[in-house]
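The values are calculated or read from the model by the stated rules, or taken from the named source; none is laboratory data. The model shown is predicted, which means the values in this text are computed figures rather than measured ones. Cβ placement follows ideal geometry from the backbone for every residue including glycine, while neighbour counts extend to all protein chains displayed. Side chains are part of the model used for accessible areas, which takes the heavy atoms of the whole protein and leaves out ligands, DNA and RNA. Shrake-Rupley method; radii C 1.70, N 1.55, O 1.52, S 1.80 Å.
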Amino acid sequence: MREHKDPRLGHVLYQETLDNGLNVYLLPKPGFQQTFATFTTHYGSVDSTFRTGGDEDFITVPDGIAHFLEHKMFESEHGDVFRDFARHGASANAYTTFDITSYLFSSTQDVYENLEILLDFVQDPYFTDENVAKEKGIIAQEIRMYDDNPDTRVFYGLLKALYHVHPVRMDIAGTVESIQRIDKETLYRCYRTFYHPSNMVLFAVGGFDPESAMDVIRTNQARKSFSEMPRIERDRPKEPPSVNHPRAEARLAVHQPRCLIGWKDPDPMPAGPQILERELVTGVVLDVLFGRSSDLFDELIGEGLIDQQFSWEYERTPEYGYSVVGGNTPDPDALAERIERHLERARNEGLDAEAFERCRRKSIGRFMAALDSPSYIARHFASYLFRGADLFQTVEILERLTLADADRRLREHLLPERRAVSVVLPKQA
Amino acid sequence: MATFHTVHQGRFHVHTLPTDQFRTRHLVAKLVTPISRPSVTPTALLPYLWLEGTRSYPSALAITRRTDDLFGAVLRSGIGKRADRHIAEVYLSVPEEGRLEGAAGVFEEGLRLMLEAVTDPLVEGDGFAKGHVERERGLHRRRIESVFDDKIAWAMERALAEALAGLPEGLPRLGYAEDLDAVTPDGLYAAHRRFLQEAEVHLYAIGAFGDPSALAERLLTAWSSAIRQAGVDGADRSASGPVEPVPVRGGEPKRVVDAQPVQQGKLNLVYRTGIPYRADEYPALLVANGILGGFPHSKLFQNVREKASLAYYASSRVDALSGLVLIQTGIDPVHRDRAEAIIVEQVRALQQGEVTDDELSFTKRGLVNQYRQSLDVPAAVADIHFGGVLAGRVRAMDELMDAILAVERQDVVAAANRLQLDTVYFLRGEEGNANA
């Protein structure tokens, strides 16, 4: 077990790669009641076409299958996995994103038992025709719930506008139609491909003893036999650098329209620390331009064009990257226009040095504060790891960030030709 | 286990919890008055107006830039409601100074800014600054409207408004959009001064304080004198007893259906129990609700979702101070009757004592886990304590957890039999919609 001491952040991170390839990270947090553990596979909704070493051909699976698989893991041959956690006072959950699927529990007692339950249920798939059919009704209602949600709709609308063919343009849960095509054979195939320990990370943070926890995990894994590590090949259609459509529109039962403006990174980027650097510099640029302490935010609030939900985000993986800015607005097209004019000026004049410094320091302070939240750390650590980056380098990267870096990023990224707009408008009664 | 230490002076109360668990320090101010129809909208606006500008930082932008400069300190405000009380909240968190270079003194600076926001807002003549009122008039209208856009929240708001019609508990936390045209800078400022004169004021300080009792005394002195000065005539007018639960009523449940062009129907059931938070049977109500719908192992999740495959979410929760149990689920509208029958059947089973050993023990462990986890979240620790303060019985976290663990089957059944179905609310799609 290796120890990484971080005096700045005031913690020690323990790491070990087990014989079966599973990567384990443990972060003790003395004084905390809870332990938060995640068991994460590098497999998400975008991994829809793939093959492993032995396969001749690529297979394309129905949209939403990674998420469907996540649901189905909670059923084991002896019954419902939630009951196993409940027996030990743990609260369990899982989520699927574009690029990972993560299973988690949090508990304040029986941490070692719960770690074993987590490892055991995710390593024991049990799919039948009946339990697959039953899940379709549940997931259909999950999809319908999001169909009625304007924030989800405007976001997926934006990704469909930005991307021509990359599967990031598809809803993570798929559609009510696509999930009908899912069967147990395909689920097993996805499982065998992506749930090998060598494609997974176990991370735990909270009030536990790292030696004992590592022992439990080691022993648990040594008891099981796994096939050889599969060599996973993911196939992606070639995504053009341009945007697919400049504007997308949907209508819902809402009072207030929504508007999101997105910019697409045209370049793939190898996994590595540069992914986190890219995220942090882009985040500071967006915060300077659109954050709550920007002149623009204040002006747009004053004009009634936005409200306090107005926000920004940037997401970067090796395959794709995009910025998003927006929120509720009475006039989506006027908002998009104002933002473009603001950017045009910023690209010409560069960012304000004082604002840059304020936002950079704020990011450092906010990250330090976020370390108080085991769930924040647990949710982000593995995600960055699969992208080749170390979440705990955030502060050192922010400390060496310069205004010149930020200006360069602004001028290469926030360009009109890389932009799409997505709006949700009130449905006419 | 850590508990708050409290000092009082009349209607001012400071609760401190020294701990070195966090990398941040937290201060939460909760200003409480009874909620009432005439004041609901002006009171709801106040905490937002406080962050529009102060004498030294005369705009929202100036305040935000100030907090950003304090290493990303967070200063937020909002309006809350617990049963029949309206609560203006201001929340400050500041990174722990020792870990950041150049950060000495940021907590003190944050405290000063927070107190100034509440007691020394930017004034023009006898009113709040006109521009600030105009901004908030628009923003507040949109806060109210955005509840409509979130169908899960909207359906619960509608169910509660129907169940509690005519009671102060049924007033919306944010007030009414139709009141907004009539608010004026002078009227709001008068409301602000009355509010400061009448509110019970609770401050929660959580973090690594060198001398917590000195801090408590300092906060008490600073806040009580500044708030009294900012009130109407410097005198205290607060008088409100502990919060009482909504009384049970007899008769048939109320049935309400709304239609909107939506894909998914929302079926919500409101039950009254009349059980007060301070009562000895309250922990049994928590356990009964947990067995019914608080967890994935609970009856609603197991029967509505896992067995019948009707819903993605199906859950219940206790509103601690009003003594209500609230059930919510999202379903295909064509399955409304079936879903309702399954839900009502689960409540009946619970009332008749159909509770397995596993259900009982899993639920107790699950609840204890939730309370213990809340100790890792400063705002949650403060909220739980504050609920006890309002209800007239502060239970230490250990006491509450022990009481939950001591609940037996007959206690659960007794508490479950206090559930009286009050309102069945259904939001469905519109005619002509494929999913109606």
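Applying a 10 Å radius around every beta-carbon, put A:254-261, A:134-141, B:125-132 in order of their mean neighbour count, most first.
Details: A:254-261: 23.1, A:134-141: 19.8, B:125-132: 17.2.
Per-residue mean Cβ counts within 10 Å order the peptides as A:254-261, A:134-141, B:125-132.
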Shielding by partners, peptide A:357-368 (average Cβ within 10 angstrom, other chains): 6
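Within a 10 angstrom radius of each residue's Cβ in B:147-154, how many Cβ atoms of other chains show up on average? Whole number is fine. Before the final figure, lay out the partial values.
Details: counts 1, 4, 14, 5, 7, 3, 0, 1.
Counting other chains' Cβ atoms within 10 Å and averaging over B:147-154 gives 4.
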Dividing the Cα radius of gyration by the Kirkwood radius, what Rg/Rh value follows for chain B? 0.99
Relative contact order as a percentage, chain A, C-alpha pairs under 8 Å and 6+ apart, gives 21 percent
Considering the zone a paramagnetic label at A:Arg192 would reach in this model (a point 7 Å from Cα along the Cα-to-Cβ line), which residues of the stretch A:30-51 have amide N under 16 Å from it? A:50-51
How far, in degrees from 0 to 90, does helix A:374-386 lean away from the longest principal axis of the Cα atoms of chain A, to the nearest 10? 90 degrees
What shape does the stretch A:1-100 have by the C-alpha gyration tensor, where a ≥ b ≥ c are the square roots of the eigenvalues, rounded means a/c under 1.5, and otherwise prolate means a/b greater than b/c and oblate the rest? oblate
With all protein chains present, calculate the accessible area of A:Phe74 using a 1.4 Å probe and round the result to the nearest 10 Å². 20 Å²
Suppose accessible area is computed on protein heavy atoms with a 1.4 Å probe; arrange B:Thr64, B:Thr184 from highest to lowest. B:Thr184, B:Thr64
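Compute the Kirkwood hydrodynamic radius of the stretch B:254-429, taking the inverse of the mean of 1/r over all pairs of distinct Cα atoms, and give it in Å to one decimal. Don't skip to the answer; put the middle values down first.
On the way: mean 1/r = 0.0598 Å⁻¹.
16.7 Å is the Kirkwood radius here.
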Helix B:60-69 sits at what angle to the longest principal axis of chain B, using alpha carbons and giving 0 to 90 degrees rounded to 10? 90 degrees
If one computes the Cα centroid of the stretch A:255-280 and of the stretch A:188-236, what distance in Å separates the two points? 29 Å
Mind pulling the angle between the C-alpha long axis of helix B:357-374 and the longest principal axis of chain B? Nearest 10 degrees, somewhere in 0 to 90. 10 degrees
Looks like the stretch B:52-114, by Cα gyration tensor root eigenvalues a ≥ b ≥ c and the a/c under 1.5 rounded cutoff (else prolate when a/b is bigger than b/c, oblate otherwise), is oblate
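Which shape class, rounded, prolate or oblate, goes with the protein assembly as shown when its Cα gyration tensor gives a ≥ b ≥ c as root eigenvalues, a/c under 1.5 marks rounded, and past that a/b bigger than b/c marks prolate?
On the way: a/c = 1.34, a/b = 1.13, b/c = 1.18.
Rounded shape, in that the Cα axes give a/c under 1.5.
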Would you tally the net charge around A:Val122, using a Cβ to Cβ cut-off of less than 13 Å, leaving A:Val122 out, and scoring K and R as +1, D and E as -1? -4
By the mean-Cβ-within-10 Å protection proxy, highest first, A:346-357, B:384-395 rank as B:384-395, A:346-357
Mean separation of Cα contacts under 8 Å, 6 or more apart, over the residue count of chain B: relative contact order %: 20 percent
Calc'd 3J(HN,Hα), the stretch A:179-190, phi into Karplus 6.51 cos²θ - 1.76 cosθ + 1.60 (θ = phi - 60°), Hz, glycine/Pro = x, comes to 6, 5, 7, 7, 10, 5, 5, 5, 4, 4, 5, 4
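By average Cβ neighbour count within 10 Å, what is the ranking of B:284-296, A:320-332, B:408-420 from highest down?
On the way: B:284-296: 27.1, A:320-332: 22.2, B:408-420: 18.6.
So the order, starting with the most tightly packed, is B:284-296, A:320-332, B:408-420.
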Taking every residue in B:21-27, how many Cβ atoms of other protein chains lie within 10 Å of its Cβ, on average? 5
Heavy atoms of A:Ser227: accessible area, 1.4 Å probe, square angstrom to 10: 90 Å²
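Just need the relative contact order of the stretch B:323-436 here, percent rounded to a whole number, with Cα pairs under 8 Å and 6+ apart. Kindly include the intermediate steps, with their values, before the conclusion.
On the way: 48 pairs, mean separation 43.9, N = 114.
Answer for the stretch B:323-436 is 39 percent.
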Cα centroids of the stretch A:46-116 and the stretch A:365-429: how far apart, whole angstrom? 26 Å
Ignoring everything but the protein chains, give the 1.4 Å probe accessible area of A:Thr219 in square angstrom, nearest 10. 80 Å²
